[in-house]
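Report on one structure; see the data block that follows.
The values are calculated or read from the model by the stated rules, or taken from the named source; none is laboratory data. Quantities reported herein were computed from a predicted structural model and do not represent experimental measurements. Quick reminder, even Gly has a Cβ in these numbers, built from the backbone with ideal geometry, and neighbours come from all protein chains shown. Please note that ligands, DNA and RNA were not included when accessible areas were found on the heavy atoms of the full protein model with its side chains. Shrake-Rupley method; radii C 1.70, N 1.55, O 1.52, S 1.80 Å.
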Amino acid sequence: MDHSPIIETRDLTIHFGGNVAVNRVNLQVEPFRLKSLIGPNGAGKTTLFNLISGQYRPTNGKILFKGKDITGLGPADRTRLGLGRSFQLTNIFHSLNVLENVRLGLQSKADLGFVFWRHYRSYSDLEDRAYQLLQQVLLGDRWADEAGSLTHGEQRKLEIAILLALNPEVLLLDEPTAGMSLEEVPAILEIIQAIKAGRDRTILLVEHKFDMIMTVSDTIAVLKDGSLLCDGPPEAVAQNPEVQEAYLGGGLKDV
């Protein structure tokens, strides 16, 4: 099996005025594994995500996807290559029902677009697949409900289903539990673990809940002040003296 990184950054750097938000980060993400990015507020996690997904262009450095330099490509081109990105805020069509949201993602992936004279029943094969994805994210019983009626946690599940509809090789999940109640978090954890167990996708995750990260991650990369502090298995990262010092003398609770 090829163990070459599916994503690699080389000296990745971005300046915002005089501020260096990401500073010469060399990161490798192995295929079919789950890597988490952690770090205190302002560490550069979301900025690094924005660089990898194409929302930002780096000041210096390179981004490679499966060995190909994609530094100059925009978000749409990266999505077509197989990079799928979620955001801290949900991005769904609130006035459409839950199934239609996922079906539109499938239509987009199939390049079918919006054909206004074609009845939605013409997409029965896509609707079957959409329902399967809703079951995967534990929303099968909400398929007919208006997306805007879902709870925040359910909307995050729907966003993951839409992302899966695009069939990306890499899922870039930016704080998937942001804004959730404690009761809603286990369901998202279950969904992420199920995706990981399929061993057919790579996941790069930004998350603040350290207990969750320790549970789901194969490796953890720690950012501090825009630089990569360490990168390794969860146990090694948690025991790293520099990491412990970075988090208030070992308080690895809110990262």
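Brief remarks follow.
- Range in the chain, longest, excluding exposed chymotrypsin sites (Phe, Trp or Tyr not before Pro) [loop by DSSP; at most 13 other beta-carbon atoms within 10 Å]: 118-255
- Distance (nanometres) between label positions extended 7 Å along Cα→Cβ at residue 230 and residue 19: 2.7 nm
- Taking the helices alone, the chain has a mean residue ellipticity at 222 nm of -10000 deg cm²/dmol, built from -39,500 (n - 2.57) per DSSP H run of at least 4 residues and averaged over all its residues.
- Folded to 0 to 90 degrees: helix 185-197 orientation relative to the chain principal axis, Cα: 90 degrees
- For segment 130-136, 3J(HN,Hα) per residue [Karplus equation, 6.51 cos²θ - 1.76 cosθ + 1.60, θ = phi - 60°, Hz, x = Gly/Pro]: 4, 5, 4, 5, 5, 5, 4
- Residues of the chain: accessible area per residue with a 1.4 Å probe, Å²: 48 Å²
- Residue pairs, from the table 35/66; 157/209; 35/109; 68/157; 109/209; 196/224, whose Cα atoms sit over 20 Å apart: 35/109; 68/157; 109/209; 196/224
- For the chain, the longest principal axis of the C-alpha atoms and the axis of helix 98-109 are separated by about 70°.
- When Rg and Dmax are taken over the Cα atoms of segment 125-167, they come to 9.6, 29 Å.
- Cα pair distances of the chain binned at 10 Å [whole percent]: 7, 30, 34, 21, 7, 1, 0
- Accessible-area ranking of 125, 77, largest first, probe 1.4 Å: 125, 77
- About the Cα centre, charge dipole magnitude for the chain (Lys/Arg +1, Asp/Glu -1 at Cβ), debye: 720 debye
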